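Here the structure is laid out as structure tokens; the discussion comes afterwards.
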Ligand code: CMP
């Protein structure tokens, strides 16, 4: 997909007039990262915003013992790296390529220029950051209040919403899901098998399908 097409797709930039979008594309650099490479290191200073043009990345915290917590998985059209640009603090987490990924990189000056000249971009940014805060709040609640089945059910509903329906097309292994819900790969595999046998979800090579949304909502404490 061309850089213009990617930027046009993301809510952050979609409201820009074509000439302004072209200007953003002009100042953005394209960079490729192989699978498993670290794009941003936690605690490094931040000087750029990144948009995923192709591929998938994970936002992670890594403990001293090497254990990973995945805060978020971001796919095509999603952005990261805005936090350090806004508060001048170091990077809040590592960002690692889960697949070979192509990114568009916007320098701090260009991003700040866009925010001040286009209030609609600042508003879209606030909207997305609010969505991420809501998700983080829900995740904290789930970690304390739900068992693993509830946490997996909640995550599956969230991923289905991201895909705009009842099909999860994001490519996630059970190991990754475990790191997203704070559990082990074995427990997540058992939970997924159980959800399939109850008819709550169906799984094939390409996607996970939500079969019984009400049952997943009940398991995740939503009514
Ligand atoms: P920054 O702190 O500059 O670098 C790490 C980036 O990860 C951060 O900006 C955000 O873009 C992203 N990030 C951090 N926490 C979350 C989260 N909970 N959900 C989604 N993205 C996040």
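No lab work stands behind these numbers, since they all come straight from the coordinates. Just so it is clear, the structure is predicted and the values come from calculations on it, not from any experiment. Don't worry about glycine lacking a Cβ; one is built from the backbone with ideal geometry, like all the others, and counts go over all protein chains shown.
A few comments on the model shown:
- Extension gain from residue 36 to residue 126, taking 0.36 nm per residue of separation minus the Cα-Cα distance: 29.4 nm
- Between the stretch 1-27 and the stretch 53-69, the alpha-carbon center distance in angstrom: 28
- Tensor-based shape of the stretch 128-189 (alpha-carbon gyration tensor, a/c under 1.5 rounded, otherwise prolate or oblate): oblate
- Cα-projected label distance for residue 171 with residue 136, points at 7 Å along beta-carbon direction, nm: 2.9
- In degrees, nearest ten, helix 18-27 long axis to first principal axis of the chain (Cα): 90
- The stretch 1-131: translational diffusion in µm²/s, Stokes-Einstein, Kirkwood Rh over Cα pairs, 4 °C, 1.567 mPa s: 86
- Compared with the dominant principal axis of the Cα atoms in the chain, helix 119-145 is inclined by about 20°.
- Length-normalised contact order of the stretch 1-132 in % [C-alpha pairs under 8 Å, at least 6 apart]: 33
- One chain, two ends: residue 117 and residue 47. Fully extended at 0.36 nm per residue, the span grows by 23.3 nm beyond their Cα-Cα distance.
- R0 of 25 Å, Cβ-Cβ distance residue 218-residue 144: FRET efficiency to nearest 0.05: 0.85
- Paramagnetic reach from residue 100 (point 7 Å along Cα→Cβ, amide N under 14 Å) across the stretch 27-63: 32-37, 54-56
- Tensor-based shape of the stretch 98-153 (alpha-carbon gyration tensor, a/c under 1.5 rounded, otherwise prolate or oblate): oblate
- Angle in degrees between helix 185-197 and the longest Cα principal axis of the chain, rounded to the nearest 10: 70
- CD proxy at 222 nm, helix term only [per DSSP H run n ≥ 4: -39500 (n - 2.57); per residue of the chain; nearest 500]: -14000 deg cm²/dmol
- When the square roots of the Cα gyration tensor eigenvalues are ordered a ≥ b ≥ c, the ratio a/c for the stretch 89-206 is 1.5 or more and a/b exceeds b/c, which makes its shape prolate.
- Spin-label model, residue 67/residue 109: points 7 Å from Cα along the beta carbon direction are separated by 4.5 nm.
- Stokes-Einstein D for the chain, Kirkwood Rh over Cα pairs, 10 °C, 1.306 mPa s (µm²/s): 85
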